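The values are calculated or read from the model by the stated rules, or taken from the named source; none is laboratory data. What you see is a predicted model; the values in this text were computed from it and never measured. Note that each Cβ is placed from the backbone with ideal geometry, even for glycine, and that neighbours are counted across all protein chains shown.
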Amino acid sequence: MNEDIKPSRLIVIGNGFDKWCKLKSSFSDFMNYQARNKSSIYNKISLMRDMESVTIDEYLKIFDNINSSHNFTFWDLVFILNTVKDKNGNWCDAEQIIYNTFSSDDEINMSNEVNQFVRANLWDTWNNFIQGMTPINRYINVNDNIVVLYLIYLKIVTKKGFNDIQKKQEFYEFLFSELNLFEKKFSKYMLSQTHLSNQYDANRILLLQYIANFNLFNVMSFNYTYVREIYNLAKCENVHGTLSSVKDSDCIIGIDGQDIEHFEIKYRFTKTYRKVELYTKNMYKNIIDVFDPNIKEIHFFGHSLNEQDYAYFQTMFDIYNIYESDVKLVFLYSIYDKSIQEEIQFKTTSSVIRLIQKYGETIREQNNKKGRNLLHRLLVQSRIRIEQIPQDSLSVLDRHSKLKTWYSENYQNYYQLIINDR
């Protein structure tokens, strides 16, 4: 590669990118995988969640059988009880659920009988519970009292020697260790999926070239899968860690820390803290700076643009000074289900507008007019676009003569794999 040539495009990819490349990597894919065994604890709780009325006693029978050999964690329970069935579920769902769990319980609809004993954070609620201050009717409809189930589960499993939670620090240590176990379980699943998919590498390389249009480019990936070397890929950073082996994978699932102070005990669950911890423990791992000063276009694909990653986008937009510079923003999407095409387009447009307006609020703190005018300025300067990637892009790529010629000469095995698959 000519070192005098600098990358002109930054490609930001999320889980939708891997899904487009035929990898079963969504949150719902993982949830369904865990519930594949009809006799599993996971599946039993999932089935009960969907019933109109279930008593606490019915959950007690399941919880009482849980031990360390079941590989079931506190966060499994939280995700099951808070996840709506959705075949297109994203990983931001999991992150938002964790965030909500540590936030005020106002969004959780609980009966008046219990609500007065539920505080603004899990620790105070747990502390009241173990001291016998929380009255519980064992036959109440638990669908309206999710937090109570958290407490019952914790009380049962901690009695079995998982941990002796009496102090606030011990409580959060336990939740953090449970999240680590969940991450390892997820890493094992993702590794199995990458080994099962013989299309994934080929699709990923072709799609990146399609987006890069043969320009030298950097990648900022919010996925755990590693982007293999491509001749015109300059740098790649996996912001949430990468898959290597179940033992060595450094995948992290965290929450955005913009509204959490560094001295708060739940700050340990933020992505910023997790990243610092990751690089502190691994002296051989370096953060790769993909924000090259020569970048002229930033292309987004497969990322929901959710609030849990706003800190990364704010940093990116600050570095490129998107109000004053000539950097262009291109938001790509695909119609993965034609029956909800208008809904997908509406959500994509809404997410883009929300992201720009949210960033505009940070500018507004220094200059109110600039912050309010950011989206309009990007539009009139033709520096923001929302474009659709055809769902049948493999055939589109096949017709792309430049891409076809290059791959037939350089990556015959990848190209042939796709041709054969058709």
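So which helices (runs of 4 or more DSSP H) are wholly in the range 122-224 and hold at least 2 residues that are modelled with pLDDT of 60 or more and over 30 Å from K6 (Cα atoms)? Show your work before the answer.
On the way: elements: 122-130, 146-159, 168-196, 200-212.
Filter on the range 122-224 gives 122-130, 146-159, 168-196.
Taken together, the criteria place E297 among residues that are farther than 25 Å from I253 by Cβ and modelled with pLDDT of 95 or more.
Name the residue, out of T405, T362, T349, that is of a type in the set (V, I, T), in a helix (DSSP H, G or I) and modelled with pLDDT under 75.
Numbers: T362 fails: modelled with pLDDT under 75; T349 fails: modelled with pLDDT under 75.
Within the list T405, T362, T349, the selection yields T405.
Applying the criterion of being more than 17 Å from D318 (Cβ to Cβ), part of a helix (DSSP H, G or I) and of a type outside the set (A, V, I, L, M, F, W, C) to the residues of the range 272-294, the residue that is modelled with the lowest pLDDT is K281. Looking for something more than 16 Å from I11 (Cα to Cα), over 21 Å from the mean Cα position of the chain (by Cα) and of a type in the set (S, T, Y) - is there at least one such residue anywhere in the range 353-362? For the range 353-362, residues more than 16 Å from I11 (Cα to Cα), over 21 Å from the mean Cα position of the chain (by Cα) and of a type in the set (S, T, Y): present. Reported count of residues in the range 64-78, each being modelled with pLDDT of 75 or more and not in a loop (DSSP other than H, G, I, E, B), is 5.
State all residues of the range 377-402 that are in a helix (DSSP H, G or I), modelled with pLDDT of 90 or more and under 22 Å from F301 (Cα atoms); if no residue qualifies, say none. Step through it out loud before you land on a result.
First, pick out the residues of the range 377-402 that are in a helix (DSSP H, G or I): 377-380, 393-399, 401-402.
Restricting the remaining residues to those that are modelled with pLDDT of 90 or more gives 377-380.
Within the range 377-402, L378, L379 meet the criteria.
When the criteria are applied in full, I344 fails the requirement of being in contact (Cβ under 8 Å) with a residue 12 or more places away in the chain, surrounded by 13 or more Cβ atoms within 10 Å (Cβ to Cβ), assigned to a helix (DSSP H, G or I) and aliphatic (A, V, I, L, M). Scanning the range 309-339 for residues being in contact with a helix residue (DSSP H, G or I) (Cβ under 9 Å, 6 or more places away or on another chain), closer than 22 Å to D18 by Cα and not charged (D, E, K, R) gives a total of 11. The set of residues in the range 243-256 that are crowded, with 17+ Cβ neighbours inside 10 Å and either at pLDDT below 80 or in contact with a Cys (Cβ under 7 Å, 6 or more places away or on another chain) (or both) comprises L243, S249, D250.
Pairs linking a residue in the range 351-363 that is over 13 Å from Y323 (Cα atoms) to a residue that is part of a helix (DSSP H, G or I) and at pLDDT below 95, with Cβ atoms under 7 Å and 6 or more positions apart or on different chains, are I353/L375; L355/F313; K358/Y310. The lone criterion from (1) at pLDDT 75 or above; (2) over 24 Å from N223 (Cβ atoms); (3) among the hydrophobic types (A, V, I, L, M, F, W, C) left unmet by V54 is number (1).
Out of the residues in the range 3-34 meeting the condition of being basic (K, R) and more than 17 Å from the chain's Cα centre (by Cα), tell me which one is modelled with the highest pLDDT. If you could, list the steps in order and put the result at the bottom.
Step one: list which residues in the range 3-34 are basic (K, R), which gives 6, 9, 19, 22, 24.
Now drop any that are not more than 17 Å from the chain's Cα centre (by Cα), which leaves 6, 9, 22.
Numbers: K6: 87, R9: 96, K22: 87.
Of everything passing the filter in the range 3-34, R9 is modelled with the highest pLDDT.
Before we move on, is E229 within 20 Å of Y200 (Cα to Cα), modelled with pLDDT of 85 or more and outside the structural domain of I98 (by TED's automatic domain parsing)? Reasoning before the result, please.
Working: within 20 Å of Y200 (Cα to Cα): yes; modelled with pLDDT of 85 or more: no; outside the structural domain of I98 (by TED's automatic domain parsing): yes.
When the stated conditions are applied, E229 does not pass them.
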